[in-house]
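> Pasting a structure here, questions to come.
Rule-based calculations on the coordinates, nothing more; no lab input. Not measured: the values here are computed from a predicted model. No Cβ is skipped: glycine too gets one built from the backbone with ideal geometry, and neighbour counts run over all protein chains shown.
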Amino acid sequence: MGAEHRTVKIVVIVVVVLLVIGGILGLTLGLLLNQRYVELEVWPRTDDYKWEEPLIQFSPSNKGTVYPWIKRINDFLRPYETTIPEDPPRAPCSIHNREEQQIRSNNCEMAMRVWAPCTIDEYYGYTMGTPCVFLRLNYLHYWVPQPYNVSSSLAIPTEMPEYLKQFMIQRPAQMFGDYVWVSCGGELNSDKENIGPIQFIPAGLPPGFPLSRLHTADKIPYANRNLPDQTPPPLIAIFFENPRREVLINVECRIWTRDIYYDPYSRVGRARFELFINN
Ligand SMILES: *[C@@H]1O[C@H](CO)[C@@H](O)[C@H](O)[C@H]1NC(C)=O
């Protein structure tokens, strides 16, 4: 009788200890993964970039304030340089402007036109006070996205921007493939006014990332999940056509998939940054 009692006690203790260890492990893993899970990155960024307040500030007429931003974008785009860009090109293929670069392959010349005005040929819009900001997704190796499309009978959220719904209807997923959709806008009411019209670049292409080009968990062997990707993830750019000067503009961008819920405090699939354009 006594021995049996002791066995039960030991089993209970072992179970409790295992549960505690499991809980601690799960919690730390969850916290770690949370920070590095489906990040929507904003570029350019400074060396002391902070997620909470990434500020892009410059004065279009002052070369000294514009040049560092152009250099940061060039540094960011360097891994994307190629003479044989894909169709459609995943990024601007050159970081040397036309005068500097005597020979540019025909394909790259075409790709640069697709990415206009978010190319070095137009100084990414910074000298005109109409900057381009690049977005890309990172930390996708543990993610299997559930895209929004009109091919499935599942409902599309009513709060989804109209332009995304239009693209979804015009380019059905069975023919054009699925996208992780992206929307951007002013964060507060004043920002919604100050931000002015924005365009997603490449113009005319869906605002988002094609699933076919994202290295998500379903596309990589389990053993390779900790390894870095061979090719950098595809980009899109937001082009601010006429942002108000001399005010701080808070911009929020987010992705739209069925499995990621919107939360204004979350970092998963959501990014924010601040634009301040001086006179
Ligand atoms: C459409 O969306 C559903 C649900 O997210 C997904 O399972 C499916 O693969 C998507 N694509 C097509 C072509 O149906």
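> Comparing V180, V133, V144, which has the greatest mean-square fluctuation in the GNM of the chain with Cα pairs linked when under 10 Å apart?
Largest GNM mean-square fluctuation: V144.
> Continuing with the same structure: Would you grab the residues whose amide H sits under 5 Å from the one on Q57? Only those 5+ places off in sequence or on another chain, please, with H modelled 1.01 Å from N.
Answer set, sorted by chain and number: F276.
> Sticking with this one: In nanometres, what is the gap between the two model label sites at D263 and N242, each 7 Å from Cα along Cα-to-Cβ?
A separation of 3.9 nm, rounded to one decimal place.
> Further question on the same structure: Count the net charge of all other residues whose Cβ sits under 9 Å from the Cβ of I249, scoring Lys and Arg as +1 and Asp and Glu as -1.
Neighbourhood net charge equals -2.
> Turning to a different aspect of this structure: What shape does the stretch 41-277 take by its C-alpha gyration tensor, where a ≥ b ≥ c are the square roots of the eigenvalues and a/c under 1.5 counts as rounded, a/b above b/c as prolate, and the rest as oblate?
Here the stretch 41-277 falls in the oblate category.
> Excluding residues on the same chain fewer than 8 positions from K71, give the lysines whose Cα lies under 18 Å from its Cα.
Output for K71: K63.
> GNM on the chain, C-alpha springs below 10 Å: top fluctuator among R90, R258, R267?
Among R90, R258, R267, the largest GNM mean-square fluctuation belongs to R258.
> Enumerate the calculated ³J(HN,Hα) couplings along the stretch 248-260 in order (Karplus 6.51 cos²θ - 1.76 cosθ + 1.60, θ = phi - 60°), each rounded to whole Hz, writing x wherever the residue is Gly or Pro.
Using θ = phi - 60°, the values come out as 7, 10, 8, 10, 10, 10, 8, 9, 10, 9, 5, 8, 10 Hz.
> Name the most mobile residue of H96, H215, H141, meaning the one with the largest mean-square fluctuation, in a Gaussian network model of the chain with Cα contacts below 10 Å.
Comparing H96, H215, H141 in the GNM, the peak value goes to H96.
> I need the phi-derived Karplus couplings for the stretch 43-52: 6.51 cos²θ - 1.76 cosθ + 1.60, θ = phi - 60°, integer Hz, Gly and Pro marked x.
3J(HN,Hα) across the stretch 43-52, in whole Hz: 10, x, 9, 7, 5, 9, 4, 10, 4, 5.
> Taking the alpha-carbon distance from K165 and a cut-off under 24 Å, which lysines remain once sequence neighbours fewer than 8 residues away in the same chain are dropped?
Qualifying lysines at Cα under 24 Å: K192.
> Among the helices of the chain (complete DSSP H runs), which have Cα atoms covering no less than 30 Å along the helix axis and a Kyte-Doolittle mean of at least 0.5?
Qualifying helices: 2-35.
> What is the chain's relative contact order, in percent, from Cα pairs under 8 angstrom and six or more apart in sequence?
In percent, rounded to a whole number, it is 26.
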